[in-house]
Structure formats: C-alpha cells, structure tokens
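Colleague: Dropping a structure here in structure tokens format, bear with me for questions.
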Amino acid sequence: MPTYIVLIGPPGVGKGTQANRLSERTGLAHISSGDLFRENIKNQTDLGKLAQTYMSKGDLVPDDVTIAMIKDRLARPDCETGAILDGFPRTPAQATALEEMLQTFHGRVNVVPQIIAPRDELISRLSGRWTCRESGHIFNEKTNPPKIASRCDLDGSELYQRDDDKSETVTRRIEVYMEQTTPLIKYYRDHGKLVEINGLQAIDQVTQDLMEALKTRS
Ligand code: AP5
Ligand code: MG
C-alpha cells in the first residue's frame, strides 16, 4: 500500500526544507503545491497566470484548480509508492478531495506532522530565505547559508528571493494560514493522524523527529 505524508505548518516553518530531506531518506516523491504553481508561473501557463493573481497577494488559489493540479501530479509514476505532500491540503475541502483521490490509488493519509514555530520566528526566517531557481532548494542567510553567496550548493544555479516573501505579503500569508488552514489541524487530530513537531529546533533535529513520527505511524 502506498504511503502518504501530509506536512502542515505556517509559512516559513520549514515544510519545504524538511520535505526535501524526508524525500531523500524515504525515496518518496516530494509534492509541493507552491513549487508546482511557481513552475507554472515560470512557464507562463494559463494555470500559472491565474495562480499568480492570488499568490502575489498572499491569498490561496481556488480549491478547484489546486485540487485538479495535485490530482494530475499524484497520478504520475513516481508517486506509485506514495508521496510527501508539502502545502496541500490547505483547506478542509482539499482534505476531503485528497481522501477521494487516494482511494483511487488504494492508499490513505498515513501521518500528518504539524510543524510548529511562533510568528516572529516565521517572519525572521522568511526575510532571510533564498531559493534556488533550478530545483527550489532552500537556504537562509542566517540559519542555513549557501557555501557561495547567491549560488545553490547542490546544482550551482542562481538563488533568488520569492516575490511573496515581502513583509506585507508574509503578514497576509500567516493571516490566511490562521483563518483557512488551522481547521485542518482539528480535522486530522480527530482522525488520529496528527503528530506535533517542534519546528524551533535545529534542522537536523526536526528531521530526526519527523523520521521517528513516520516510523511509528506509517
Ligand atoms: P508555499 O510555497 O507552500 O508557501 P508556504 O506554505 O507559505 O510556505 P513556505 O514555502 O513559505 O515555507 P516552508 O514551510 O516551506 O519553509 P522553508 O522550508 O522554505 O505556497 C505559496 C503560495 O502558493 C500560497 O501563499 C498560495 O497562494 C499558493 N498555494 C500553495 N499551496 C496551495 C494550496 N494547497 N491551496 C491554495 N493555494 C496554495 O523554510 C523557510 C526558511 O527557514 C528557509 O530560509 C530555511 O532555510 C529556514 N529554516 C527551515 N527550517 C529551519 C530551522 N529548523 N531552523 C532555522 N531555519 C530554518
Ligand atoms: Mg515551502
């Protein structure tokens, strides 16, 4: 049976950082809804043009287009053994849609780690984040600097700062998370899937706690 892991947490808490590491360790595909949207924006697809109007304001892209994009992605062969979902689902409607999708793949959500950190830490991390253009590898000028400034350690491509990391957009993204994504925490807790992870710890320790949660709950 395939394994599906859903990472929940506010902007900047470390979902992408940890999903990359979990993907390396488990061999499961890393599916980031934000990265899929950014790829579409880069390629100027119709979906990308639509998503950009929401993302630039820090708002959520409508459920129907987001659900269709993820459904398409999960049907690809690299997800046959399951996936690590980073940033999806983000609303109760998306969670219900995910359950329906996974039935067609004969799977279910195994575990939902909720990574937790206070708001001032999120703001500080996002103001220092640098992302690689080629593959979305993530760095931080204070907590996780690249070896050579402005270059990705892993593929040498240019590092850039995301448009939605401007302070007013970050404020809106955190607000949207509190309003629209926190209901998911109750949903998954009620389903017995939620495991709380302290996101204030060093990156390695967070990975260790996540691997432990996967082992005991998968
Ligand atoms: P998305 O790209 O998913 O952004 P997000 O959820 O706001 O989260 P981030 O990517 O900003 O943070 P992260 O938790 O991945 O942290 P990271 O590892 O980078 O979504 C963007 C937009 O797309 C949304 O606003 C929305 O418009 C749209 N969208 C996406 N999914 C959608 C959906 N399902 N429905 C509708 N719309 C959707 O780490 C942050 C920084 O901290 C880095 O610099 C990193 O190096 C550093 N760091 C990480 N861990 C640590 C640590 N333990 N200690 C110190 N520093 C750390
Ligand atoms: Mg991310």
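Colleague: Given the residues 72, 59, which is the only one that is assigned to a loop (DSSP other than H, G, I, E, B) and either more than 27 Å from residue 3 (Cβ to Cβ) or more than 11 Å from ligand 1 (Cβ to nearest atom) (or both)? Full working, then the answer.
Modeller: Details: 72 fails: assigned to a loop (DSSP other than H, G, I, E, B).
Result of the check over 72, 59: 59.
Colleague: May I pose another question? Of everything in the range 90-119 that's outside any strand (DSSP E or B) and within 17 Å of the chain's Cα centre (by Cα), which residue is nearest to ligand 2 (Cβ to nearest atom)?
Modeller: The first filter runs over the range 90-119 and keeps only residues outside any strand (DSSP E or B), leaving 90-108, 117-119.
Pick out the ones that are also within 17 Å of the chain's Cα centre (by Cα) and you get 90-92, 94-95, 98, 117.
Values: 90: 12, 91: 17, 92: 21, 94: 16, 95: 19, 98: 18, 117: 14 Å.
The residue in question is 90.
Colleague: Mind checking which residues of the range 42-75 are open to solvent by 40 Å² or more (accessible area, probe 1.4 Å) and within 21 Å of residue 137 (Cβ to Cβ)?
Modeller: Of everything in the range 42-75, those that are open to solvent by 40 Å² or more (accessible area, probe 1.4 Å) and within 21 Å of residue 137 (Cβ to Cβ) turn out to be 42, 43.
Colleague: For the range 76-94, how many residues are of a type in the set (Asp, Glu) and surrounded by fewer than 22 Cβ atoms within 10 Å (Cβ to Cβ)? Break it down stepwise before answering.
Modeller: The initial filter retains those residues of the range 76-94 that are of a type in the set (Asp, Glu), namely 78, 80, 86.
Then drop every residue that is not surrounded by fewer than 22 Cβ atoms within 10 Å (Cβ to Cβ), which leaves 78, 80.
Summing the residues that are of a type in the set (Asp, Glu) and surrounded by fewer than 22 Cβ atoms within 10 Å (Cβ to Cβ) in the range 76-94 gives 2.
Colleague: For the range 95-109, indicate whether the set of residues that are β-branched (Val, Ile, Thr), open to solvent by less than 70 Å² (accessible area, probe 1.4 Å), within 23 Å of residue 210 (Cα to Cα) and away from ligand 1 (no atom under 14 Å from the Cβ) is non-empty.
Modeller: Taking the range 95-109 and keeping what is β-branched (Val, Ile, Thr), we get 96, 104, 109.
Next, only the ones that are open to solvent by less than 70 Å² (accessible area, probe 1.4 Å) stay: 96, 109.
Filter once more, keeping what is within 23 Å of residue 210 (Cα to Cα): 109.
Those still in the list that are away from ligand 1 (no atom under 14 Å from the Cβ) too: 109.
Scanning the range 95-109, I find at least one residue that is β-branched (Val, Ile, Thr), open to solvent by less than 70 Å² (accessible area, probe 1.4 Å), within 23 Å of residue 210 (Cα to Cα) and away from ligand 1 (no atom under 14 Å from the Cβ), so the answer is yes.
Colleague: Right, something else. Kindly provide the set of residues from the range 198-218 that are in contact (Cβ under 8 Å) with a residue 12 or more places away in the chain and under 17 Å from residue 4 (Cβ atoms), ordered by number. Before the answer, list the steps.
Modeller: Here is the first cut: in the range 198-218, the residues in contact (Cβ under 8 Å) with a residue 12 or more places away in the chain are 198-200, 203, 206-207, 209-211, 213-214, 217-218.
Passing the criteria: 210, 211, 213, 214, 217, 218.
Colleague: Looking at 136, 199, which one is at pLDDT below 95 and either under 24 Å from residue 59 (Cα atoms) or within 15 Å of the chain's Cα centre (by Cα) (or both)? Before you say what the answer is, go through the steps one by one.
Modeller: Working: 199 fails: at pLDDT below 95.
Step by step, each of 136, 199 is checked, and only 136 is at pLDDT below 95 and either under 24 Å from residue 59 (Cα atoms) or within 15 Å of the chain's Cα centre (by Cα) (or both).
Colleague: A further question on this structure: Being more than 10 Å from the chain's Cα centre (by Cα) and either closer than 20 Å to residue 187 by Cβ or crowded, with 24+ Cβ neighbours inside 10 Å (or both) is the filter here, so list the residues in the range 1-10 that pass it. Talk me through it step by step, then tell me what you get.
Modeller: Filtering the range 1-10 down to residues more than 10 Å from the chain's Cα centre (by Cα) leaves 1-5.
If the condition is that a residue be more than 10 Å from the chain's Cα centre (by Cα) and either closer than 20 Å to residue 187 by Cβ or crowded, with 24+ Cβ neighbours inside 10 Å (or both), then 3, 4, 5 are the ones that fit.
Colleague: If I filter the range 11-41 down to residues being open to solvent by 30 Å² or more (accessible area, probe 1.4 Å) and outside any helix (DSSP H, G or I), which single residue comes out as nearest to ligand 1 (Cβ to nearest atom)?
Modeller: Here the residue is 30.
Colleague: Sticking with this one: Conditions: (1) open to solvent by 40 Å² or more (accessible area, probe 1.4 Å); (2) more than 20 Å from the chain's Cα centre (by Cα); (3) among the polar types (S, T, N, Q). Residue 143 meets all but one. Number of the miss?
Modeller: All conditions pass for residue 143, except number (2).
Colleague: Answer yes or no: is there a residue in the range 143-162 that is away from ligand 2 (no atom under 16 Å from the Cβ), modelled with pLDDT of 95 or more and closer than 23 Å to residue 88 by Cα.
Modeller: No: the range 143-162 contains no residue that is away from ligand 2 (no atom under 16 Å from the Cβ), modelled with pLDDT of 95 or more and closer than 23 Å to residue 88 by Cα.
Colleague: Take the range 151-202 and flag every residue that is open to solvent by less than 60 Å² (accessible area, probe 1.4 Å), among the polar types (S, T, N, Q) and under 26 Å from residue 52 (Cα atoms).
Modeller: Result: 157, 169, 171, 181, 182.
The values are calculated or read from the model by the stated rules, or taken from the named source; none is laboratory data. Computed from a prediction, not measured in an experiment: that's the story for all the values here. Reconstructed Cβ throughout: ideal geometry from the backbone, glycine too, with neighbour counts over all protein chains shown. All accessible areas refer to the heavy atoms of the entire protein, side chains included, with ligands and DNA or RNA removed. Shrake-Rupley method; radii C 1.70, N 1.55, O 1.52, S 1.80 Å.
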